[in-house]
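A short write-up of the structure that comes next.
Nothing in this text is a laboratory measurement; each read-out follows from the coordinates by a stated rule. A quick note: this is a predicted structure, and the numbers were derived from the prediction, not measured. Glycine also receives a Cβ, built like all others from the backbone with ideal geometry; neighbour counts cover every protein chain displayed.
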Amino acid sequence: MEKMAENLLECRDLVFRYSREGQQGETVLKDLSLSVPSGQFLAVLGHNGCGKSTLAKHLNGILLPTEGTVLVEGIDTRDDERIFDIRQKVGMVFQNPDNQIVATIVEEDVAFAPENLGVPPEEIRQRVNWALEQTGMASRRESATYQLSGGQKQRVAIAGVLAMGPDCIVLDEPTAMLDPHGRRRILATLRELNQAGMTVVLITHYMDEAAQADRVVVMNDGEILMDDSPAAVFARVEELQAIGLDVPQTAELLHQLRREGIDCPEDALTVEDCVEALCGLLGGVDR
Amino acid sequence: MSAPVIETRGLGYVYNPGLPTEKVALRDVNLQIERGEFVGVIGQTGSGKSTLIQQLNGLLRPTSGQVLIDGEDIWQDKEQLRRFRFKVGLCFQYPEYQLFEESVYKDISFGPKNMGLSEGEVDARVRDAARFVGLGEEMLDKSPFELSGGQKRRVAIAGVLAMDPEVLILDEPTAGLDPRGRDMILGQIRAYHAEKGNTVLLVSHSMEDVAKFATKVLVLNDTGVLLYGTVDEVFSRAEEIRAIGLGIPQITQVFRALRQRGYPVSDTVYTVAQAKGEILRLLAERGAAR
């Protein structure tokens, strides 16, 4: 991949405060700066209330900064004239699959955005076909949307966003309401899209999902606490636990062993890595 | 010998029988759950979990077979059904959407009031339930709609606890919560179970949580019971569990892999603490041997 490091998304000194009846509310984002290059798979982790959803809503102009700037491919999200361009470039998928389906038939739902954008019918058809292929929902194209499982609905929601032809897709806890099977399918879909060049921003509190990203940003209290590779982030077991996040059991075990003074790697994220690390530690098998 | 608190005999359930949308949700389910167990209920979406738990307090009527609570068929006399609804408290997924009263206190008291308890008894129940879920006195007069999502969830759970059911069924009580909220609610349910000694059924997708909190595990697959047994019994059958698309705890997978490679480690490791103990034991033995 490695395109030129052009930032698809850029937040500069972003501050956001909710205001209520003219009263100044709580500051949710505190001087946050973040650049996302084109083609990256970024995971944003944090517990409830850390500001991660508020950040997501800034990435396509659903919310506008109180202070600072958000740029989408160089366009300021405050630019009223360009807001539709921005929304078309950055698609959003939310937590609750039931809130995102507008039509009663899968393919009609996926066609909704391109129809509204005035795309010619032949191209709509192509886009819908492509989007349904990408999300593994092609076989259900004529199904009623209400008959789908949560995970399938969420894939239809992703397909609907894809049909708009975005450069980036932002997902705010898309798997929080899904079962493990549905979660795995969504993650596989996102990885495939990313490999095909789509920029992906995944807001989550599941560590195993974040472990699959190129880069992990950990947020706490409206600020960026960590910004690194998944392995480097998950090695910081105590800091993550201190802000109420989970660490994969494998990473926690190795961390605890290190605390006992045992020399073992910190950054084994998968079961396989952990098994290798422990075998290295235990030496050969006695017979 | 007392009867199991929950028993199903040949329980079957078909949605929309006779219609083109007919769907068999449960087929010949025979299950006995003993009093006082903390049962983790796992299974893929569509395996019949929700249908089963709705049978257990009579929200759905079996299309075949029986549901017995304390040895009594709950559908034997329709007039008596209400009694079983009080015995078996069911807390749905996303229960916070079901809050409706103008104060937290009133919402929690709805169940016990309907049971016909005296005002004093209702008050005691409400306060006790609020304590279990960690809602302070100052919260009781608030509107449920002023609360955060996690707080609302706890109010809804308190509403079920206040009925002091013999069997408490929770359908994914931690869905959508972050790890901190999840640990808080599961810890409170565990404390409630320990203090009351009643039967708890917890529907969960998290094998780690089930391994940590449950005494028994019920695995449902494709309209029936695949496995029912202790945590050790069930998780030792990893292949069967994986075959139906469910996982076993990550750390359990690590230890099974170590055993396969010939290391003499326990294959009943579910928590990081157990894992650490095993590794330290092994290292010490190896050190002593050298």
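Observations on the structure shown:
- Rounded to the nearest 10 degrees, the inclination of helix B:272-289 to the longest alpha-carbon principal axis of chain B is 20 degrees.
- Each principal axis of the protein assembly as shown carries a Cα extent, and these read 75, 69, 52 Å when sorted largest first.
- Within region A:159-197, backbone nitrogen closer than 20 Å to the virtual label 7 Å beyond the Cα of A:Ala103 toward Cβ: A:159-166
- Surrounding net charge for B:Lys196, when Lys and Arg each add one and Asp and Glu each subtract one, Cβ distance under 14 Å: 0
- Counted charge near B:Ala158, where neighbours are those whose Cβ lies closer than 11 Å (Asp, Glu -1; Lys, Arg +1): +4
- Net charge of the neighbourhood of A:Ile203, taken over other residues with C-beta under 13 Å away and scored Lys/Arg +1, Asp/Glu -1, is -2.
- Note on chain A: dipole from Cβ charges, positive end direction compared against A:Met198, A:Ser35, A:Thr145; the farthest Cα belongs to A:Thr145.
- Axis of helix B:119-132 versus longest Cα principal axis of chain B: the two differ by about 20°, to the nearest ten degrees.
- Signed unit charges on C-beta, dipole axis of chain B, positive-most listed residue B:Ile33, B:Phe100, B:Pro112: B:Ile33
- The alpha carbon centroids of region A:57-106 and region A:146-208 are separated by 16 Å.
- Assigned charges on the beta-carbon of Lys, Arg, Asp, Glu; the protein assembly as shown dipole about Cα centre (debye): 1300 debye
- Only helices enter this figure: runs of n ≥ 4 DSSP H residues, each worth -39500 (n - 2.57), summed and divided by the residues of chain A, yield -10500 deg cm²/dmol at 222 nm to the nearest 500.
- Overall dimensions of region B:1-49, expressed as equivalent-ellipsoid semi-axes from the Cα gyration tensor (√(5λ), whole Å, largest first), are 27, 14, 6.
- Hydrodynamic radius by Kirkwood, which averages 1/r over all alpha carbon pairs of region B:249-290, in angstrom: 10.4 Å
- Taking every Cα-Cα distance in chain B and sorting them into 5 Å bins starting at zero, the pair-distance distribution P(r) comes out as 1, 5, 11, 14, 16, 15, 13, 10, 7, 4, 2, 1, 1, 0, 0 percent.
- Alpha carbon convex hull of region A:248-287, projected area averaged over orientations, nm²: 2.9 nm²
- 17 Å Cα-Cα reach of B:Lys87 towards lysines, excluding residues that sit fewer than 8 places from it in its own chain: B:Lys78, B:Lys113, B:Lys196
- Bins of 10 Å, starting at 0 and running to the largest distance - Cα pair percent for region A:1-137: 10, 32, 35, 19, 4, 0
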